[in-house]
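Engineer: I have a structure here, written as structure tokens, and I will follow up with some questions on it.
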Amino acid sequence: LIHFIKRALMMSHHRRKRGYDDDEGGGGYRTKKRRTNEHMEIEDRLESLILRVGEKSTSSLESNLEGLASVLEADLSTYKSKILKILVECAMKLPDKCTIYTTLIGLLNTKNYNFGGECVELLVKSTKDALKSFRWSDARFLLRFMSDLVNCHVVSAGSLLQLLDNFVDAALEEGVPQVRRDWFAYTVLSALPWVGRELYEKKESELDRMLGSLEGYIKRRKKIHHNALRVFKSDHPHPQEEYLDCLWQQIKRLRSDMWIEKHIIRPYLAFDSTLSEALQHNLPSLVPPPHHPSTLYPLPTVIFRMFDYTDCPEGPILPGQHSIERWLIEEQLRHILMSNHLERKECAAQLLSYPLKNKIPLEYIIVEVMFGEIFRLPNPLCLEIAYGSILIELCKLQPSTMPQVLAQATELLYERLDGMNKTCFDRLVNWFSYHLSNFQFRWSWDDWEDALTQDPEEPKAKFIREVLLKCLRLSYHQRVVEIVPETFAVFLPDKPSPNFKYAANGQFAGSVEVRASEHLIAAIKRKCTSEEVLALLKQELDPPMAEEDMEDNVCNPVKIEVFTQTLLFLGQKSFSHSFAAIAKFYSVLKSLGNTEEAQICILRSVVDLWKSHQQMLVVLIDKLLKTQIVECAAVANWVFSKEMVPEFSKCYIWEIVHLTIRKMNKHVAKLQK
Amino acid sequence: VTMGTIVPDLTQPSPYRDRYFDGTEDEWLSAISSTSTLYIGNLSFYTTEEQIHSLFSHCGSIKRIIMGLDKHKKTPCGFCFVEFYLRSDALACIKYVNGTKLDDRIIRTDLDPGFRDGRQFGRGRSGGQVRDEYRATYDSGRGGWGPSVKATLETGDMDGGFKKGVKRTREDLDED
């Protein structure tokens with residue numbers, strides 16, 4: 001490939017020369033255009049060459065790098081700024097190819113010292129820009145890249161240490177948010193796997209001093225966020241470490257191993273003799289921009305652990321939680337996830353083609369990373385369904401191993417439900433029911449018989465119940481009955497059906513209220529107006545009042561309940577039918593719900609009617625809020641009322657609470673504008 | 001900088017063109033590029049609005065679901081429209097829901113220019129979707145044998161009214 005492109009480039013050089021000769025007279029514009037097009041074509045080819053180096057090839061990586069370096073060297077005069085830009089982009093966006101591009105720059109530096117210098121300058125400038133524009137990942141990968149350039153003899157160890165010290169100073173700065181200080185500490189540590197050995201060999205005492213400062217900071221700082229972000233309350237069987245603490249331990253272990261790590265592929269080693277003859281550059285000074293109150297820093301995290309080596313079958317060993325290998329693998333997997341989450345098939349393929357997959361139990365690490373993302377607090381970085389659909393793709397691509405690992409993971413999480421954060425519990429319910437719905441709801445429910453003897457409020461019993469409720473939403477009642485063993489009947493959700501208080505042949509048959517309801521139904525079928533409905537209700541259900549008492553804001557709960565339940569009973573066929581009913585008689589509901597007390601009455605009527613159909617409840621309350629028939633405050637007061645206490649531990653209540661809060665936030669945001 | 005891998009963009013509209021669309025190709029593309037409505041295909045006739053709501057809510061807040069109906073019987077005939085408030089939520093469905101299962105069937109999502117009254121009805125001669133009209137396979141979730149096969153079985157007429165050279169429509173592109 002390299003040879004072909006080389007020839008093509010040489011040919012286009014000649015073509016350009018001929019173009020000059022041909023167009024001495026007119027046609028200057030066409031020549032310029034042709035030249036510009038050719039110029040762009042060559043730039044595109046260069047970009048493609050640079051991006052593709054390191055991909056599968058018949059030649060070795062080293063020979064591809066050598067070839068590419070000589071191709072680029074020839075073009076440095078004409079295409080320098082483009083090449084520089086591409087290389088910096090690769091440094092920021094392709095961190096897993098860091099050592100490939102640093103080697104390339106190392107080779108170019110031996111051929112053209114000035115180019116190496118300009119590269120270094122642009123990298124530092126780009127880091128400053130990234131910090132200024134809060135592109136934290138870009139900045140972190142750039143720092144790693146610049147650190148690795150020390151290994152390629154492009155950057156002097158001393159000047160790198162100076163830069164790292166500036167970052168450490170930022171970590172030690174007083175009076176700024178801890179989240180900022182943590183980021184700087186983390187960023188420095190995350191460069192050390194690449195350059196630790198070199199710094200140890202060349203600048204051991206400076207390195208030790210720097211690490212000492214960092215260690216002091218990391219140990220001294222407050223970690224009140226730790227418990228808020230844990231998935232599991234307990235550190236048994238696996239510790240749930242704060243992210244900076246964990247990396248510190250991993251770096252400490254690396255240090256005790258004399259900074260020797262065998263995971264990172266380092267192409268520059270093959271070129272050591274060439275590279276070590278190059279002149280190094282000093283990094284221009286980089287002082288991180290100061291903190292500004294409006295700056296948002298990346299949130300801290302807790303490292304989610306669910307597996308250790310005993311969980312994996314015979315074969316490659318799972319690297320220990322404090323091994324730097326574990327961190328390196330997880331870094332890379334998370335990066336694949338975040339760069340490819342929009343293309344789930346590509347994402348799954350890339351995750352499974354992780355380069356060193358034969359040396360590690362890859363499926364286990366992938367599953368642990370995926371659940372870590374699903375359970376991330378306060379919120380996952382992507383939609384929960386993104387992770388769910390990627391896991392399905394993983395099962396499709398590796399049907400002999402992935403489904404089993406996922407099943408094992410599910411079992412494991414089921415056993416640890418007791419100490420699980422409640423939000424994560426809900427997310428597990430959502431994920432598991434969604435996953436089952438893609439695999440015909442097949443599961444070995446019998447394995448979970450222990451839940452049968454539990455109190456319904458115990459986590460395992462609750463989990464099974466909530467999972468089946470979600471399965472119901474994705475299918476239908478009879479289906480759910482069929483997928484569980486008969487012994488699990490106690491966990492089955494109710495068959496969703498309306499509990500209409502004023503049914504003609506119900507328990508209140510013959511009463512005034514039931515008669516009113518029947519008249520109402522007839523009137524609605526007759527296509528009466530809202531005014532006629534209000535008049536009917538008033539006539540049949542309002543108690544006779546003296547003139548002085550004729551106030552409209554006295555809440556008549558019976559009237560509200562009869563109307564609400566009758567209306568929604570008529571609309572029971574589907575969500576759309578109910579929504580249409582609400583829309584048609586919107587003004588009646590609005591008129592009836594004129595106080596918070598009345599609105600709570602509406603809510604109670606809806607809940608009594610549809611308590612067996614949680615999904616309908618959520619959807620109706622959402623609609624009532626959206627149409628402002630009820631206010632957020634009414635929903636809040638109703639949810640937290642005494643009568644709702646038995647419902648408190650059920651997922652659907654929290655669905656309602658969350659959607660209400662989100663609506664409230666929207667109102668507030670609108671008012672603030 | 002392109003990241004080197006060329007992956008088909010899931011948000012590109014399919015080659016389908018609604019032959020009843022009232023506008024030019026450009027107008028179609030313009031509508032598609034701003035829409036937050038999805039067409040959902042390959043549903044079972046028994047899949048309910050509730051199930052659809054449950055699955056698609058994973059991607060965002062749904063404005064409206066319009067069930068596709070048999071033109072004569074007015075019963076669901078295996079497709080629907082899902083309108084989101086936000087286009088980004090519709091695009092998320094194409095990334096994460098398209099090609100996964102609902103009611104044990106792989107469903108298809110496609111950007112739709114927007115619901116107009118009348119589009120909720122099947123356009124097959126028998127009242128359902130065109131893709132069912134000439135379907136030669138048995139699909140228990142979509143009425144078993146297709147209408148033309150049923151007609152053949154009933155009348156013994158081998159020709160079965162199969163139209164030659166009929167233009168392929170989106171429904172035809174659905175996969176089971």
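Engineer: Looking for whichever is among the aromatic types (F, W, Y), closer than 14 Å to A:L149 by Cα and open to solvent by less than 20 Å² (accessible area, probe 1.4 Å) here; the options are A:Y79, A:Y101. Which one fits?
Structural biologist: A:Y101
Engineer: Output yes when any residue across segment A:620-633 is crowded, with 22+ Cβ neighbours inside 10 Å, aliphatic (A, V, I, L, M) and within 14 Å of chain B (Cβ to nearest Cβ), and no when none is.
Structural biologist: For segment A:620-633, residues crowded, with 22+ Cβ neighbours inside 10 Å, aliphatic (A, V, I, L, M) and within 14 Å of chain B (Cβ to nearest Cβ): present.
Engineer: Please enumerate the residues belonging to segment A:568-584 that are closer than 17 Å to A:K527 by Cα and either within 14 Å of another protein chain (Cβ to nearest Cβ) or crowded, with 23+ Cβ neighbours inside 10 Å (or both).
Structural biologist: A:G571, A:H577, A:S578, A:F579, A:A580, A:I582, A:A583
Engineer: Among the residues of segment A:242-284, which ones are over 26 Å from A:E325 (Cβ atoms), touching a Phe, Trp or Tyr at 6+ places or on another chain (Cβ under 8 Å) and open to solvent by 30 Å² or more (accessible area, probe 1.4 Å)?
Structural biologist: A:L279
Engineer: Only residues in segment A:332-353 that are at the interface with chain B (Cβ under 10 Å from one of its Cβ atoms) count as the first member; pair them with residues that are open to solvent by 50 Å² or more (accessible area, probe 1.4 Å) and assigned to a helix (DSSP H, G or I), Cβ under 6 angstrom, at least 6 apart or cross-chain, and list the lot.
Structural biologist: The qualifying pairs are A:N340/A:Q350.
Engineer: Moving on. Could you tell me how many of the residues in segment B:64-82 are charged (D, E, K, R), open to solvent by 20 Å² or more (accessible area, probe 1.4 Å) and either more than 10 Å from chain A (Cβ to nearest Cβ) or in a loop (DSSP other than H, G, I, E, B) (or both)?
Structural biologist: Total meeting the criteria: 3.
Engineer: Quick check on A:E384: is it open to solvent by 10 Å² or more (accessible area, probe 1.4 Å), under 17 Å from A:V429 (Cα atoms), modelled with pLDDT of 95 or more and away from chain B (no Cβ under 14 Å)?
Structural biologist: No: the conditions fail for A:E384.
Engineer: Okay, next question. Residues of segment A:324-345 being at pLDDT below 95 and among the acidic types (D, E), which ones?
Structural biologist: A:E343
Engineer: Exactly one of these conditions fails for A:P456: (1) open to solvent by less than 40 Å² (accessible area, probe 1.4 Å); (2) away from chain B (no Cβ under 11 Å). Give me its number.
Structural biologist: Condition (1) is where A:P456 drops out.
Engineer: Continuing with the same structure: Checking the structure you have, find out if any residue of segment A:133-141 is in contact with a helix residue (DSSP H, G or I) (Cβ under 7 Å, 6 or more places away or on another chain), open to solvent by 10 Å² or more (accessible area, probe 1.4 Å), within 26 Å of A:I303 (Cβ to Cβ) and touching a residue at least 60 places away in the same chain (Cβ under 8 Å).
Structural biologist: yes
Engineer: Please specify each residue of segment A:459-489 satisfying the condition of being open to solvent by 60 Å² or more (accessible area, probe 1.4 Å) and more than 14 Å from chain B (Cβ to nearest Cβ).
Structural biologist: Correct list: A:R465, A:E486, A:T487.
Engineer: Ok, one more. How many residues does segment A:209-241 contain that are aliphatic (A, V, I, L, M) and either open to solvent by 30 Å² or more (accessible area, probe 1.4 Å) or modelled with pLDDT under 95 (or both)?
Structural biologist: 2
Engineer: Can you tell me which condition A:N64 does not meet? The list is (1) crowded, with 20+ Cβ neighbours inside 10 Å; (2) in contact with a Gly (Cβ under 8 Å, 6 or more places away or on another chain); (3) free of Cβ contacts under 8 Å to residues at least 40 places away in the same chain, and all the others hold.
Structural biologist: It fails just one condition, (3).
Engineer: I need a count of the residues in segment A:157-210 that are within 23 Å of A:I224 (Cβ to Cβ) and small (G, A, S).
Structural biologist: Number satisfying all stated conditions: 4.
Engineer: Whether any residue in segment A:274-294 is away from every other protein chain (no Cβ under 14 Å) and under 29 Å from A:Y414 (Cα atoms) is what I want to check.
Structural biologist: Scanning segment A:274-294 turns up no residue that is away from every other protein chain (no Cβ under 14 Å) and under 29 Å from A:Y414 (Cα atoms).
Engineer: Here's a follow-up. Scan segment A:509-525 and report the pairs whose first residue is under 22 Å from A:S578 (Cα atoms) and whose second residue is small (G, A, S) and open to solvent by 30 Å² or more (accessible area, probe 1.4 Å), with Cβ atoms within less than 6 Å and a gap of 6+ or a chain change.
Structural biologist: Here the result reads A:E518/A:A504, each pair linking segment A:509-525 to a residue that is small (G, A, S) and open to solvent by 30 Å² or more (accessible area, probe 1.4 Å).
Engineer: I would also like to ask the following. Restricting to segment A:416-426, give me the number of residues that are open to solvent by 10 Å² or more (accessible area, probe 1.4 Å) and either of a type in the set (D, E, K, R) or modelled with pLDDT of 95 or more (or both).
Structural biologist: Going through segment A:416-426 one residue at a time, the tally reaches 7.
Engineer: With the condition kept exactly as written, say whether any residue in segment A:313-334 is over 14 Å from the mean Cα position of the chain (by Cα), over 27 Å from A:Y186 (Cα atoms) and of a type in the set (S, T, Y).
Structural biologist: no
Engineer: If you take the residues of segment A:302-321 that are surrounded by 17 or more Cβ atoms within 10 Å (Cβ to Cβ), in contact with a Lys or Arg (Cβ under 9 Å, 6 or more places away or on another chain) and not aromatic (F, W, Y), which of them is nearest to A:L229 (Cα to Cα)?
Structural biologist: Across segment A:302-321, the extreme among qualifying residues is A:V302.
Matching residues to (1) within 14 Å of another protein chain (Cβ to nearest Cβ); (2) part of a helix (DSSP H, G or I); (3) open to solvent by 50 Å² or more (accessible area, probe 1.4 Å):
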{"residue": "A:I392", "(1), (2), (3)": "yes, yes, no"}
{"residue": "A:Q404", "(1), (2), (3)": "no, yes, yes"}
{"residue": "A:A409", "(1), (2), (3)": "no, yes, no"}
{"residue": "A:Y414", "(1), (2), (3)": "no, yes, no"}
{"residue": "A:V429", "(1), (2), (3)": "yes, yes, no"}
{"residue": "A:L436", "(1), (2), (3)": "yes, yes, no"}
{"residue": "A:F441", "(1), (2), (3)": "yes, no, no"}
{"residue": "A:E449", "(1), (2), (3)": "no, yes, yes"}
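The values are calculated or read from the model by the stated rules, or taken from the named source; none is laboratory data. Note that this is a predicted model, so its numbers are computed, not measured. Methodologically, a virtual Cβ is constructed for each residue, glycine included, from the backbone with ideal geometry; neighbour enumeration extends over all protein chains shown. Only protein heavy atoms, including side chains, enter the accessible area calculation; ligands, DNA and RNA are left aside. Shrake-Rupley method; radii C 1.70, N 1.55, O 1.52, S 1.80 Å.
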